[in-house]
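Notes for the one structure printed next.
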Amino acid sequence: MKNKLSVAYGIIALALFALAAHIFFIQNNNSDEYNKRIMSQRQSRYESRTLAYRRGDIYDRNGTRLASSEKVYIMILDPSQMNQAEYPTEGGEKVRNVIEPTIQALSEFFGFDPEDIRKQITEHPDSAYIRYKRDISYTDKQDFEAYAAELNSQYAASDDAAVRMNRVDGVWFEETYKRVYPYGSLACNVIGFSSADGTVGTGGVEQYYNSTLIGTNGREYGYLDDEADLEKVIRPATDGDNLVLTIDSTVQNIVEKYLDEWKNGDIGSKSAACIVMNVKNGEILGMASTRTFDLNDPYTTGDFAEEEIYEYGIDEAVSDYRIKHPDLEPITSAQVPEYYSHDEIMELGETIAMYQNWRNITISDTFEPGSTQKIFTVAGALEENIISENTSFDCTGNVRLSDGVNSWRINCVNRNGHGILDVKGGITQSCNVVMMNIGFAEGAETFMKYERIFGFGGYTGIDLPAEANTLELGFTTDSIGRTQLATNTFGQNYNCTMIQMAAAYASVLNGGYYYKPHVVKQILSADGALKEDVQPLLVRETVSSSTCDFIKDALVETVESGTGSAAKVPGYTVGGKTGTAQKQPRSDKTYVVSFCGFAPADDPTILCYVVIDEPALPGEEAAHSSFASDIFSKIMSEVLPAMNIYPEDGSEIESMTP
């Protein structure tokens, strides 16, 4: 019996020895393969991944957040993990059923199309990283993970062997950020918007300060140490800096409210825009137009009618055809429907309409300013002692000019003539004849010198993208003739931008100091520390304080008893100048009307410039600057107390105080 037991023990010992030898042989000869398999299995849930930075916030001057980045998640599908879970053994037997349960869970929880998920998995079986869905909220992420965990627990506890094979697996979530604009369209052209991944800004400060707002992505790595334990190495992301704007959201809301009221009123216009500026330092407090869009949903055509979009499409198709067929004869607008379908035309038009909505009228559009120009004609002549404050002119209603071949009659706003006017009267009554005679006395060289001093024919350098270059939209000393000089003195036959006119006016109102207009006040680090305090930049001095004082007095009188009476603001003494310019072609009788004004009269602080392009009235019925003056009055009646500038007689202070 003992012999039999000894034999049995011997056989068992030999078997164990053989098994140990076999294991050693396998480990020795297949260690790389096993290591790869172990690493694959352990790292299947942990890939090296990007840690997204947070794009900087944008605030108004009082700390109101205008743009922010909220943490959201991208749903990642990992087909390679799903397939490894289903076939983890050498024999290939299926020990887990992952793909279909996972598809079902995603479909039931999120409402995703199961066929679309299945297609992504089957077409990319070896992929460990498919970005399937953006902007998953934290709540949805947590709820789905809990839902999947509960399903897996139920599967594991099932009495049915087939059900126990089911698992939800191969789905994980990557942190990222979504740009959010809490106030929708407020200050849309000043703020602009960013791409979905927060790397590229379009329009406004989002574009101009993109390199400031963006940060640097981090990275998370996984590796197996000598003990085959999974280790993490994290290089954290660096978040972008924050911007504090000069914009006051209260002022901005007031401006947009009254522009919107005009837009939807009985008259309306092609467009209207307004700039509110601190004349003492060039800070923009409000900037808006009637072209607005929702920053959270910028890719729309907004208020453009289908007919307008179609016309944009026709114009764009002409250009599109020329670009695509440079060797062929260009097509005309009438021929476009022969080459483009209606849908193609509308698609082109929708793109242009969208771009028009994004366009900041106040800095990108140019126009003939009209009579707001007149104070600069006077300022240059006074500064050079070509005229005095008491110089008088006789307005007969027009000026006749001739080059020996052709002759022109250039009319005053009063075709019957104003009679004898001094310089101040020329401003308050907006007399073209007075301005033309002052311009003739100045001559082309002096007139153009002060046009450049006041910033016309170039850039202001405002910290916003797409500022129009007006260098080619005016004349030079060598190119301006007597007729052009005459019309330039009252703001016709040259173009400027709203921001140019506002900055030039501010320099007169503050005593002769031209500040670079700007919309950013401070740059803060991601944790709120001050990195840069943007100081007002004095670019140059324009004219003397005595010249400025004379013009300010004239502008106050213009509102009190001249052409700007519609701009009066109850409780305040304000000044300003009207503008009416007939657009090209003159035969169309379309107009740009405007008013540029300020308050308080004794210490100019707030400038408000309103421009209306083509009031929707026939012919000369549209040529009334009072439309712009009325908007100015409404805006300033609310902006002034909002900026702690109260009525001079103390009236209504209590009711205006929050």
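One Cα centroid belongs to segment 411-429, the other to segment 521-583; the line between them spans 25 Å. Principal semi-axes of the equivalent ellipsoid, √(5λ) from the alpha carbon gyration tensor of segment 278-330, are 36, 18, 10 Å from largest down. With all protein chains in place and a 1.4 Å probe, the accessible surface of segment 153-302 carries 45 percent carbon and sulfur.
DSSP bridge analysis restricted to the chain gives an antiparallel fraction near 95%, rounded to the nearest 5.
The Cα atoms of segment 451-524 give a gyration tensor whose axes a ≥ b ≥ c have a/c of 1.5 or more with a/b greater than b/c, which makes the shape prolate. What a 1.4 Å probe finds exposed on segment 504-658 is 48% carbon and sulfur by accessible area, rounded to a whole percent. Spacing of the modelled spin labels on Asn296 and Ser407, each 7 Å from Cα toward Cβ, amounts to 6.7 nm.
Dividing the mean sequence gap of close Cα pairs (under 8 Å, 6+ apart) by how many residues the chain holds gives a relative contact order of 13 percent. Using all pairs of distinct alpha-carbon atoms, the Kirkwood hydrodynamic radius of segment 134-197 works out to 15.3 angstrom.
Tell me which label goes with the value of Rg/Rh (Cα atoms, Kirkwood Rh) computed from the coordinates here: (i) 1.04; (ii) 0.97; (iii) 1.19. Computed from these coordinates, Rg/Rh (Cα atoms, Kirkwood Rh) corresponds to label (iii). With the highest mean first, a sort of the peptides 135-148, 192-205, 600-613 on other beta-carbon atoms found within 10 angstrom per residue produces 600-613, 192-205, 135-148. Solvent exposure of the chain, expressed per residue, is 47 Å² of accessible area, with all protein chains present and a 1.4 angstrom probe.
Pairs of Cα atoms nearer than 8 Å and 6+ residues apart set the relative contact order; for segment 478-563 it is 25 percent.
Potential lengthening of the chain between Arg482 and Glu338 amounts to 47.1 nm, from the contour at 0.36 nm per residue minus the alpha-carbon distance.
Need the C-alpha centroid separation for segment 160-205 versus segment 109-126, integer Å. Rounded to whole Å, the Cα centres lie 20 Å apart.
For segment 132-245, what class follows from the C-alpha gyration tensor (a ≥ b ≥ c being the square roots of its eigenvalues): rounded when a/c is under 1.5, otherwise prolate if a/b is larger than b/c, else oblate? Oblate shape, in that a/c is at least 1.5 and b/c is the bigger or equal ratio. Highest mean packing first, where packing is the average number of other Cβ atoms within 10 Å per residue, the peptides 332-345, 625-638 line up as 625-638, 332-345. FRET efficiency for the Phe112 to Ser195 pair, using the beta carbon distance and R₀ = 41 Å, is estimated at 0.95.
Spin-label point model (7 Å from Cα, Cβ direction): what's the Ile234 to Ala161 distance in nm? For the pair Ile234/Ala161, the computed spacing is 4.5 nm. Sorting the Cα pairs of segment 548-658 by distance into bins of 10 Å, from 0 upward, gives 15, 41, 28, 13, 3, 0 percent per bin. Take every Cα pair under 8 Å whose residues are at least 6 apart in sequence, average their separation, divide by the length of segment 268-410, and the relative contact order is 21 percent. In plain terms, the C-alpha convex hull of segment 469-622 casts an average shadow of 13.4 nm² when viewed from every direction. If R0 equals 41 Å, the separation of the Cβ atoms of Glu306 and Ser546 corresponds to a calculated FRET efficiency of about 0.15. Per residue, the convex hull around the alpha carbon atoms of segment 409-453 comes to 88 Å³. Near Lys583, once Lys and Arg are set to +1 and Asp and Glu to -1 for all other residues with Cβ below 14 Å from its Cβ, the sum equals -3. Taking a point 7 Å out from the Cα of Ser392 in the direction of its Cβ, the residues of segment 419-439 whose backbone N falls within less than 19 Å of it are 419-438.
The values are calculated or read from the model by the stated rules, or taken from the named source; none is laboratory data. The shown structure was predicted, so the numbers you read here are calculated from the model rather than taken from an experiment. A quick note on method: Cβ atoms are made from the backbone with ideal geometry, for glycine too, and the neighbour counts reach across all protein chains shown. The area values use the complete protein model at the heavy-atom level, side chains included, leaving out ligands, DNA and RNA. Shrake-Rupley method; radii C 1.70, N 1.55, O 1.52, S 1.80 Å.
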